[in-house]
1. Every residue in the stretch 90-122 that is touching a Phe, Trp or Tyr at 6+ places or on another chain (Cβ under 8 Å) and small (Gly, Ala, Ser), please.
2. Being surrounded by fewer than 14 Cβ atoms within 10 Å (Cβ to Cβ) and in contact (Cβ under 8 Å) with a residue 12 or more places away in the chain, is that true of even one residue in the stretch 45-55?
3. List, please: which pairs have Cβ atoms under 6 Å, are six or more places apart or on different chains, and start with a residue in the stretch 186-197 that is without any contact (Cβ under 8 Å) to a residue 40 or more places away in the chain and end with one that is surrounded by 13 or more Cβ atoms within 10 Å (Cβ to Cβ)?
4. Looking at Gly67, Gly46, Gly103, Gly77, can you tell me which residue is in a strand (DSSP E or B) and either charged (D, E, K, R) or under 23 Å from the mean Cα position of the chain (by Cα) (or both)?
5. What number of residues within the stretch 106-141 satisfy the criterion of being of a type in the set (D, E, K, R), without any contact (Cβ under 8 Å) to a residue 40 or more places away in the chain and not in a loop (DSSP other than H, G, I, E, B)?
6. Can you tell me which residues in the stretch 56-78 are more than 25 Å from Pro104 (Cα to Cα) and surrounded by fewer than 17 Cβ atoms within 10 Å (Cβ to Cβ)?
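The values are calculated or read from the model by the stated rules, or taken from the named source; none is laboratory data. What you see is a predicted model, and the numbers here were worked out from it, not measured in a lab. So basically every Cβ, Gly included, is an ideal-geometry build from the backbone, and we count neighbours across all protein chains shown.
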Amino acid sequence: MQKGLKRLITIPAYILAFLLMGLVSGYLAFKILSFSKTVEVPDLRGRTLFEANDLLNKKGLYLKVEGEDYDDTVVAGRIVRQDVPPSNKVKEQRGIKVFLSKGPKIWSIPELSGRTLEEAGSVASASGLRIEKIIRIHSPTVENDVVIAQRPTPDEAAGGGAPQKPQDLIEQHHGLTLIVSSGPYNMVYICPDFSGKTRAEITDIAEKLRINLEFTGSGERAKLQRPKASSLLKTGDTVHIQLEGG
């Protein structure tokens, strides 16, 4: 009889102890969470993802990239806005959502062919474009560092089926690509013998070989030349010709 009574008293005691332990654990967890450190959110606007991530890690926060937006002032790839304004206080271990800039919206594609590479870069930048790729090729007719062609072209939006928006074209081509001249190939020649030739004959030969001339003396025919005949010349080299009368 007494043993049975002891059992009835013992069982509720274990249950009570278990319930008390649960209540204490819950209370402690609540207190810990309630007293989590509060930190100030840094200003992430205009920063790269690397810079923003570094700033947030130092505050015990982490970065969440939500998407992209066009912006006229923030460089593409940098943060244009954040969900929690700078200087606001939040608990540690919180994620801060950010949106990245896609740069300014492009309203038109300028004609860059025929411009120097430097001019093309300035015009593209003023139009909100970035030159993503430059392909260089030799050209016998287009000077060095001059744009030969571009993709997409200004009239591509209107041609070949349904019109396309400039912004869509740029994204479709993964940016603006320029084909730029590296000038003509440098050819190596054996220097002709100009002795006795007239000034007009010498000039005609030089133009075909794409070499430069420097005349001294008076008269119409070559007396001496430097470098000598049969020397090696390359495109763009200069031959000095001394003229004499008659």
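1. Selection gives Gly95, Ser101, Gly103.
2. no
3. Pro192/Ile205; Ser195/Ala222; Gly196/Arg221; Lys197/Ala222
4. Numbers: Gly46 fails: in a strand (DSSP E or B); Gly103 fails: in a strand (DSSP E or B); Gly77 fails: in a strand (DSSP E or B).
Of the residues listed, the single one that is in a strand (DSSP E or B) and either charged (D, E, K, R) or under 23 Å from the mean Cα position of the chain (by Cα) (or both) is Gly67.
5. As a first pass, look at the stretch 106-141 and keep what is of a type in the set (D, E, K, R): 111, 115, 118-119, 130, 132-133, 136.
Filter again for without any contact (Cβ under 8 Å) to a residue 40 or more places away in the chain, leaving 115, 118-119.
Adding the requirement that they be not in a loop (DSSP other than H, G, I, E, B) leaves 118-119.
Residues that pass the stated criteria total 2.
6. Residues of the stretch 56-78 that are more than 25 Å from Pro104 (Cα to Cα), as a first pass: 56-62.
The answer is Asn57, Lys58, Lys59, Gly60, Tyr62.
One line per residue, one yes/no per condition, for (1) in a strand (DSSP E or B); (2) touching a helix residue (DSSP H, G or I) at 6+ places or on another chain (Cβ under 7 Å); (3) of a type outside the set (Lys, Arg):
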{"residue": "Phe194", "(1), (2), (3)": "no, yes, yes"}
{"residue": "Leu213", "(1), (2), (3)": "yes, yes, yes"}
{"residue": "Thr216", "(1), (2), (3)": "yes, no, yes"}
{"residue": "Gly219", "(1), (2), (3)": "no, no, yes"}
{"residue": "Ala229", "(1), (2), (3)": "no, no, yes"}
{"residue": "Gly236", "(1), (2), (3)": "no, no, yes"}
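Rundown of residues vs (1) at pLDDT 90 or above; (2) buried (at least 17 other Cβ atoms within 10 Å of the Cβ), yes/no style:
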position: Glu143; (1), (2): yes, no
position: Pro166; (1), (2): no, yes
position: His173; (1), (2): no, no
position: Pro184; (1), (2): no, no
position: Phe194; (1), (2): yes, yes
position: Arg199; (1), (2): yes, no
position: Ala206; (1), (2): yes, yes
position: Asn212; (1), (2): yes, no
